[in-house]
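Colleague: Take this structure first; my questions come after.
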Amino acid sequence: MSFHLTPGAEGLRTRLFHIIFESDTPGSKAFDIALIIAILTSVAVILLDSVESYSDRFGHIFFYVEWMFTLLFTVELAVRIYCLERPTIYLKSFYGVVDVIAIIPTWLVLLVPGAHGLVIVRLLRVLRIFRILRLMEFVGEARLLLDALKRSLRQILLFFCSIFMVVTLFAALMYTIESPEAGFTSIPMSMYWAIVSMTTVGYGDIVPATSVGKAITMILMLMGYSIIAVPTGVFSAQVLRSIREDRYSEEACPGCGHDRHEKRAHYCLRCGTWLDEESEDPRKKEEKKDDDQQKGGDQNTSQDS
């Protein structure tokens, strides 16, 4: 985590801290898996309860199951606070705020009339899964994607600025050509049409009536097909770059100058030279040891003779 949490004291609080806030022990891994199952199940109950037919038939079951999960998550939050030395640090963090917001709406229904609409905020519970995944084996993958996103941010912003200019120009052109009866009542409405056409969604609520307008629509849709893959390509290239940098070292071989070695490699793939210049090649140590043994044997032979 980006904030530093410490257990409150030795004993039970420390053991609970290692189980809840870490993921390198069998107990903590079992806790994380159980928490993921509980979160997904509670979110599934919320989704099913929003379907009218299911709500009419199983509404009372959903009600009790939701309260069961709310009590469970409330106890979990209380235990989290109990095992920390400084709970305020956790409660002020992003995940602490999510944990609190995930249970408050259900309790507000009992205390505040008309707060039933806030119950939908319970879907924020699904965000808690990212913390668990972050603590588990997915740290490296998340860091790789974030690094690629940061590197491609300028290119993607430039791309969206270019798209915005194209959309604005086509919207102004269609606003001039088409009539308000066709739906082009303003330039912002025409921009909406241009975005829908460029992304090839085609809702059909605004349709050009003139032949010129239809021809412009065809051009815009063809442009959409040609440029829609641009941000994906930029991001993919940065992901591959991050993978290469994460896997390969930039240091060149002192023997042949080859610089495409994995970071865990000890010898050059091309010439076999020892890559770590700060330490001695183990092969030289073995050769030196063999030479010393051979010299010792020669000296013993000469003394015997």
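Colleague: Tyr64 is checked against (1) over 20 Å from Glu85 (Cβ atoms); (2) among the hydroxyl-bearing types (Ser, Thr, Tyr); (3) under 30 Å from the mean Cα position of the chain (by Cα); (4) at pLDDT 85 or above and fails just one. What number does that condition carry?
Modeller: (3)
Colleague: Only one residue in Leu72, Leu35 is within 24 Å of Leu5 (Cβ to Cβ), in contact (Cβ under 8 Å) with a residue 60 or more places away in the chain and of a type in the set (A, V, I, L, M), so which one is that?
Modeller: Of Leu72, Leu35, the one residue that is within 24 Å of Leu5 (Cβ to Cβ), in contact (Cβ under 8 Å) with a residue 60 or more places away in the chain and of a type in the set (A, V, I, L, M) is Leu35.
Colleague: Continuing with this model, one more query. Which condition number does Tyr95 fail, the rest of (1) out of contact with any helix residue (DSSP H, G or I) (no Cβ under 7 Å at 6 or more places or on another chain); (2) surrounded by 14 or more Cβ atoms within 10 Å (Cβ to Cβ) being met?
Modeller: For Tyr95, the exception is condition (1).
Colleague: Here's something else I'd like to know. Between Arg80, Arg57, which is among the basic types (Lys, Arg), in a helix (DSSP H, G or I) and surrounded by fewer than 15 Cβ atoms within 10 Å (Cβ to Cβ)? It would help to see each step written out before you state the result.
Modeller: On the way: Arg80 fails: surrounded by fewer than 15 Cβ atoms within 10 Å (Cβ to Cβ).
None of the others qualify; the one that does is Arg57.
Colleague: Could you please let me know if Leu16 is in a loop (DSSP other than H, G, I, E, B), surrounded by 13 or more Cβ atoms within 10 Å (Cβ to Cβ) and touching a residue at least 12 places away in the same chain (Cβ under 8 Å)?
Modeller: no
Colleague: Moving on. If you check Ile37 against the conditions, is it at pLDDT 85 or above, part of a helix (DSSP H, G or I) and closer than 24 Å to Leu91 by Cα?
Modeller: Yes: the conditions hold for Ile37.
Colleague: Same structure again: Against the conditions (1) of a type outside the set (Val, Ile, Thr); (2) crowded, with 17+ Cβ neighbours inside 10 Å; (3) part of a helix (DSSP H, G or I); (4) at pLDDT 90 or above, where does Pro105 fall short? Just the number, please.
Modeller: Tallying (1) of a type outside the set (Val, Ile, Thr); (2) crowded, with 17+ Cβ neighbours inside 10 Å; (3) part of a helix (DSSP H, G or I); (4) at pLDDT 90 or above, Pro105 fails exactly one: (4).
Colleague: Where the second residue is of a type in the set (Lys, Arg) and assigned to a helix (DSSP H, G or I) and the first is farther than 13 Å from Val100 by Cα and lies in the range 75-87, which pairs have Cβ atoms under 9 Å and are six or more apart or on separate chains?
Modeller: Close Cβ pairs (under 9 Å, with a partner that is of a type in the set (Lys, Arg) and assigned to a helix (DSSP H, G or I)) amount to Tyr82/Arg13; Cys83/Arg13; Cys83/Arg15; Leu84/Arg13; Glu85/Arg13.
Colleague: Report whether or not Gly96 is more than 28 Å from the chain's Cα centre (by Cα) and not hydrophobic (A, V, I, L, M, F, W, C).
Modeller: For Gly96, the condition - more than 28 Å from the chain's Cα centre (by Cα) and not hydrophobic (A, V, I, L, M, F, W, C) - is not met.
Colleague: Which of (1) loosely packed, with under 12 Cβ neighbours inside 10 Å; (2) touching a Phe, Trp or Tyr at 6+ places or on another chain (Cβ under 6 Å); (3) of a type in the set (Val, Ile, Thr) is the odd one out, the single condition Ile37 does not satisfy?
Modeller: Just one mismatch for Ile37, condition (2).
Colleague: In addition: How about the range 1-55: which of its residues are under 22 Å from the mean Cα position of the chain (by Cα), assigned by TED's automatic domain parsing to the domain that holds Leu84 and among the aliphatic types (A, V, I, L, M)?
Modeller: Matches in the range 1-55: Ile20, Ile33, Ala34, Leu35, Ile36, Ile37, Ala38, Ile39, Leu40, Val43, Ala44.
Colleague: Still on this structure, I have one more. Using beta carbons and a limit of 6 Å, which pairs, at least six apart or on different chains, have the first residue in the range 201-219 and farther than 18 Å from Thr185 by Cα and the second one not polar (S, T, N, Q)?
Modeller: So the pair list comes out empty.
Colleague: Enumerate the pairs (first residue in the range 147-172 and farther than 15 Å from Met198 by Cβ; second residue anywhere and part of a helix (DSSP H, G or I) and among the hydroxyl-bearing types (Ser, Thr, Tyr)) with beta-carbon separation below 8 Å, excluding pairs fewer than 6 apart on the same chain, so at least 6 apart or on different chains.
Modeller: Asp147/Ser242; Ala148/Ser242; Arg151/Ser242
The values are calculated or read from the model by the stated rules, or taken from the named source; none is laboratory data. Model, not experiment: these values are computed from the prediction. Positions of Cβ are generated from backbone atoms using ideal geometry, with glycine treated the same way; all protein chains shown enter the neighbour counts.
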